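First up is the structure itself, then whatever we jot down about it.
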Amino acid sequence: MKLLRHVAKFREKVVSVFGVDAPESASLLIDMLAQTEDPMLRSTLYGGAVTECLLQGCLSAAERIAVARHEEFQDILSLMSLSGTLSDVGKPLEGLACATAALAQAVSERVYVNFAAGNLMRQAIKTGSVEAVNEALDALIDSTQIPRTADCALETDWIDAANALGADRELTDWVRAVASRKRE
């Protein structure tokens, strides 16, 4: 966190990262990748660089960095991050496709299923399509039957937004009820 605060003062200068304009703060974080092999730190550096780009409106750089992160890690978390970045840069359908792939990978690996399902719901909502939201709801409901070795609680912070789009109320009520039972 101290490092991320330190590079913030370099946001205003624009440089090239992966061949596109980016804030120098993002470039500094990307340059630091050469100094570590620690996966947690590398992921944090990538994530910080994406955030710096988004803050400065350097959308192409944010996307390229998120893609590079996923290419390096090829894991559920980097795919979920890529899905959010794609939505943030104005590509919600591509973000939804990555979120769908992240849930499929989570189900296959039997880890982070609820986490990936919550991300899928948020990305579906960003499309503004009730059809996409209802399809994501179906996938989420199917995922509740998957045994898993590591996960978070079933997230429901997206339900009001899904309902506002016209999501199937019976399905969102079911998810809310299941999440309440699992917390008890």
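Where a number appears in this text, it was derived from the coordinates with a stated rule and is not lab data. Just so it is clear, the structure is predicted and the values come from calculations on it, not from any experiment. Note that each Cβ is placed from the backbone with ideal geometry, even for glycine, and that neighbours are counted across all protein chains shown.
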Cys in the chain lacking any partner Cβ under 4.7 Å -> C98, C152
Nearest-ten-degree value, helix 92-109 long axis tilted from longest Cα axis of the chain = 70
In the stretch 1-47, which GluC sites (Glu not before Pro) are in a loop and have at most 11 other Cβ atoms within 10 Å, using DSSP for the loop call?
-> E12, E37
³J(HN,Hα) computed for each position of the stretch 129-142 - Karplus, 6.51 cos²θ - 1.76 cosθ + 1.60, integer Hz, glycine/proline x = 9, 5, 5, 5, 5, 5, 5, 5, 4, 4, 5, 4, 4, 4
Using Cα pairs under 8 angstrom and six or more residues apart, how large is the relative contact order of the chain, in percent?
-> 13
222 nm mean residue ellipticity, helices alone, for the chain (DSSP H n ≥ 4; -39,500 (n - 2.57); rounded to 500) = -22000 deg cm²/dmol
Could you run the Debye sum over the Cα atoms of the stretch 1-119, one equal point scatterer each and no solvent, and tell me log10 of I(q)/I(0) at q = 0.15 Å⁻¹, two decimals?
-> -0.64
Degrees, to the nearest 10: 113-127 long Cα axis against longest axis of the chain = 80
So which trypsin sites (Lys or Arg not before Pro) in the stretch 9-73 pass both tests, a DSSP loop state and at most 14 other Cβ atoms within 10 Å of the Cβ?
-> K13
Given the stretch 75-183, what whole percent of its Cα pairs are spread farther than 21 Å?
-> 28
